[in-house]
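The values are calculated or read from the model by the stated rules, or taken from the named source; none is laboratory data. Computed from a predicted structure; not experimentally measured. All Cβ positions, even for glycine, are placed from backbone atoms using ideal geometry, and neighbour counts span all protein chains on display. What goes into the accessible areas is simple: the full protein's heavy atoms, side chains included, and nothing from ligands, DNA or RNA. Shrake-Rupley method; radii C 1.70, N 1.55, O 1.52, S 1.80 Å.
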Amino acid sequence: MNDKRPVNLDIATISLPITAYASILHRVSGVVLFFAVGILLWILDASLASQESFDSIKETLSSPIVKLIIWGILAALGYHLLAGVRHMIMDFGIGETLEGGALGARIVILAAFVLVGLAGVWLWL
Amino acid sequence: MAVGNVTSFGRSGLSDWLLQRVSAVVMTVYLVFIVGYILFSGELNYADWKALHENFLVRLLSLFAILSLAAHAWIGLWAVLTDYVTVRLLGPSATAIRIFLQLGMIAVTLSYVVWAIAILWGAGING
């Protein structure tokens, strides 16, 4: 095989369509969630271990920095879930055209903004 | 079978494809249940929260959710790592780095499963 064949898949030089951003965000949020599971299990562990640790984790979760981390996790979760639902809708043959794909990506990103906003309202109000 | 498939979860693209969707649905059911409970049960207290997780059906759903998460993360991260940690993007050492990262990912995933089972089924909340 000729190793000098040009490869023109350098992401930095390509203007990406919205579907590409939807896909990359799905991957990034998935990787973020993989690490977030550790935090969530730690919270679950503390919340169930005893009354004292339940009270103490509740106190920890009310701090602004921790709330920001939880918000980040919920944002990743919300986006990842919506993008996954879009995937499964596309599995049924809906929104598979170029226009349909772009529209679906736009809907998912917009819906994620709404969901993340609602999560923020829930955490701080 | 291609070399790249050795570290995949179901050893075939089709079974990974299906498992990714089944696991996603199971986790969504769990998420809706837990978030719904937290949202609509009012001020959360320890006794109710503990009782909820001592319920056999809730434990079963939680178990299915963590097993689904393990399969889902394995399949998803396999896709990400085999796409980006490649010889073309990183040079000749990419394969060794990728195998190392994949084994690390698998170790973390299995640790999550054991930890979750210990939390939900362990001595801590059998009381």
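A Cβ distance below 8 Å, combined with a sequence gap of six or more or placement on separate chains, defines the contacts here; from the range B:11-24, residues that are at positive phi reach residues that are assigned to a loop (DSSP other than H, G, I, E, B) and hydrophobic (A, V, I, L, M, F, W, C) in the pairs B:ARG11/B:MET1. Among the residues of the range A:96-103, is any out of contact with any Lys or Arg (no Cβ under 9 Å at 6 or more places or on another chain), at pLDDT below 95, open to solvent by 40 Å² or more (accessible area, probe 1.4 Å) and outside any helix (DSSP H, G or I)? Yes, because at least one residue in the range A:96-103 is out of contact with any Lys or Arg (no Cβ under 9 Å at 6 or more places or on another chain), at pLDDT below 95, open to solvent by 40 Å² or more (accessible area, probe 1.4 Å) and outside any helix (DSSP H, G or I). Just one of the listed residues (B:HIS53, B:HIS72) is open to solvent by 30 Å² or more (accessible area, probe 1.4 Å) and within 30 Å of B:VAL32 (Cβ to Cβ), namely B:HIS72. Identify, from the list B:ARG21, B:ARG88, B:ARG11, the residue that is basic (Lys, Arg), modelled with pLDDT under 95, surrounded by fewer than 17 Cβ atoms within 10 Å (Cβ to Cβ) and assigned to a helix (DSSP H, G or I). Result: B:ARG88 is the single residue among B:ARG21, B:ARG88, B:ARG11 that is basic (Lys, Arg), modelled with pLDDT under 95, surrounded by fewer than 17 Cβ atoms within 10 Å (Cβ to Cβ) and assigned to a helix (DSSP H, G or I). In the range A:76-89, is there at least one residue being among the β-branched types (Val, Ile, Thr), assigned to a helix (DSSP H, G or I) and open to solvent by less than 30 Å² (accessible area, probe 1.4 Å)? No.
Within the range A:105-125, residues that are within 14 Å of chain B (Cβ to nearest Cβ) and small (Gly, Ala, Ser) have Cβ atoms under 6 Å from residues that are open to solvent by less than 80 Å² (accessible area, probe 1.4 Å) and in a helix (DSSP H, G or I) in these pairs: A:ALA119/A:LEU74, counting only partners at least 6 apart in sequence or on another chain. Against the definition (part of a helix (DSSP H, G or I) and touching an Asp or Glu at 6+ places or on another chain (Cβ under 8 Å)), how does B:ILE106 come out, yes or no? Here the answer is no, as B:ILE106 does not meet what is asked. I'd like to verify a number: residues in the range A:25-48 that are closer than 18 Å to B:TRP49 by Cα and open to solvent by 60 Å² or more (accessible area, probe 1.4 Å), how many? Looking only at that region, the number is 2.
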